[in-house]
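Have a look at the structure below before the remarks.
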Amino acid sequence: MSLVLGWLRAAAYALWALPLAVGPVPPRLRVPRRLLGESVVPRRYSAVRAVWHSVLSGALGVATWFFAFLAVLGAVRGVLYPLLSSGYENAWGGPSLAGAWSVHLLIGAALVPVWLLLLAGLGTLQVWLTRAVLGRAGPRWPVPSAVLVCAAGVLLFLAWLDQA
């Protein structure tokens, strides 16, 4: 149960990072310690680093909220499939409504832990990004990783908009 609680906290931090990105620097350093127990020892204040962290953390936060939206959308569509579907003859589990509903419900429910793990990973990346940009110690790889995740989020968003 402790592992799942850690995932939930990391996912909550991932979602909370977007509002933190537009605020002052001290809460950005304080919240990871209070929520996750991860301390970030700050560097000497630099406005350039604060803006750079705001841009990267904000972009990663927007991608995180989009992924959370997709998770909720998938779970709700799985549970409420008969109410939201226009036809189920050619759907997975069809040709009956019961078969199509059960398959969509199982897929929607089975993907919830996967989405939670993705959000928890993004929360952990947010902490590492804070350490890399605002902290004294930390690896530099979270910066390009955040850029890649944001680019993947943009591509996924454009593909999602383009679907018929």
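The values are calculated or read from the model by the stated rules, or taken from the named source; none is laboratory data. These numbers come from a predicted model, not from an experiment. In this analysis, Cβ positions are derived from the backbone assuming ideal geometry, glycine residues included, and neighbour counts consider all displayed protein chains. In case anyone asks, the SASA skips ligands and DNA or RNA and just uses the protein heavy atoms, side chains included. Shrake-Rupley method; radii C 1.70, N 1.55, O 1.52, S 1.80 Å.
Just a few scattered comments:
- Folded to 0 to 90 degrees: helix 25-36 orientation relative to the chain principal axis, Cα: 60
- Kirkwood Rh in Å, taken over the chain so that all alpha-carbon pairs contribute: 17.4
- Accessible area per residue, Å², the chain with all protein chains present, probe 1.4 Å: 59
- For segment 104-164, the share of accessible area belonging to carbon and sulfur comes to 78 percent (1.4 Å probe, ligands and nucleic acids excluded).
- Pairwise alpha-carbon distances in segment 103-153 exceed 18 Å for 45% of all pairs.
- Placing dummy labels 7 Å off each Cα toward the beta-carbon, the span from Q163 to A50 is 4.1 nm.
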